[in-house]
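Just below is one structure, and these are the notes that go with it.
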Amino acid sequence: MNHERVVLFVDFANIDRAARDVQVEMDYAHLLDYMAEGRFLVEAHVYIPIDPRNEHSLDRLVESLWRSGYVVRQKIGATAGTSYKCNFDVEITMDVLSTAYQVKPDIIVLATGDGDFSPLVQEVRRLGIRLEVASFEASASRELKLKSSGFISLDVYVREALESELGPQGTTGNAGPEPPLEGQMELHPAHDGEEPNNYGTDSAAPLRGDSVNLPNANDY
């Protein structure tokens, strides 16, 4: 049986901020396994903004992402007042287009809710490649969802993952959950009062198998 070839791109700042908005900490290794289920994962890319005031603050996370199978791209942001800005729109766009033209996968999954990527989505679909958007409902651009080939709701993904971890009665059993690897982010509700990360970006499931299937651009 031939599996569909898929490439994943994760806009880390956008997804991580959206997850914290709903008080969830993402386990990106688990997310990678989910996106690859039933498909042949060609590659997975993640884009990490680095705070210029503390360039090593995410070192453990970056290492854990590499160990999980991601190709990690980092960029040091520019200080802006008491925060900083670090925008990956150009890099993500160039990498997605390069993958579309050179690798020619069956599917590209773009994990972001940023509506600035809507033209990119349309271009990839014009090339005959299915482009699915994965994001949390509240943070996903309406235009991005409308113009994608299918939408993967991370709200449903997180709910299903937590139910699987906790069990139907909200318990993990006698053994308890296995501790995460060093530097790995756990998939669990964030602690009350926890301050969200400020990545300084300019940008503001049904389950994968149940994603909304929209017609490919070539059908018009």
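Rule-based calculations on the coordinates, nothing more; no lab input. In this text, all values refer to a predicted model and were calculated from it rather than measured experimentally. We place every Cβ from the backbone using ideal geometry, glycine too, and count neighbours over all the protein chains shown.
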Legend entry - Loop-located trypsin sites (Lys or Arg not before Pro) in the stretch 29-109 whose Cβ has at most 12 other Cβ within 10 Å (DSSP): ARG53
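To the nearest whole percent, what portion of all C-alpha pairs in the stretch 100-169 is separated by more than 20 angstrom?
36 percent
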Inset, instruction - Please list the non-local residues whose amide H lies under 5 Å from the amide H of VAL24, H modeled 1.01 Å from N, same-chain partners needing a gap of 5 or more. - result: ALA190
Legend entry - Per-residue ³J(HN,Hα) for the stretch 13-29, Karplus 6.51 cos²θ - 1.76 cosθ + 1.60, θ = phi - 60°, Hz, x for Gly and Pro: 4, 5, 6, 5, 5, 5, 5, 5, 4, 9, 6, 10, 9, 7, 9, 6, 5
Inset, instruction - Answer rounded, prolate or oblate for the stretch 16-159, using the Cα gyration tensor with square roots of eigenvalues a ≥ b ≥ c: rounded when a/c is under 1.5, else prolate when a/b is larger than b/c, else oblate. - result: rounded
Legend entry - Phi-based couplings in Hz for the stretch 121-135 (Karplus 6.51, -1.76, 1.60; Gly and Pro marked x): 4, 5, 5, 5, 5, 4, 7, x, 9, 6, 10, 9, 9, 10, 6
Inset, instruction - List, in order, the whole-Hz ³J(HN,Hα) value for each residue of the stretch 44-49 obtained from phi through the Karplus relation with A = 6.51, B = -1.76, C = 1.60 and θ = phi - 60°; use x for Gly and Pro. - result: 9, 10, 9, 10, 10, x
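At 37 °C and 0.692 mPa s, what whole-number value in µm²/s does Stokes-Einstein give for the translational diffusion of the stretch 65-138, with Rh from the Kirkwood sum over Cα pairs?
Translational diffusion coefficient: 233 µm²/s.
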Legend entry - Local electrostatic count at ASP106 - Lys and Arg +1, Asp and Glu -1, tallied over other residues with Cβ under 12 Å: +2
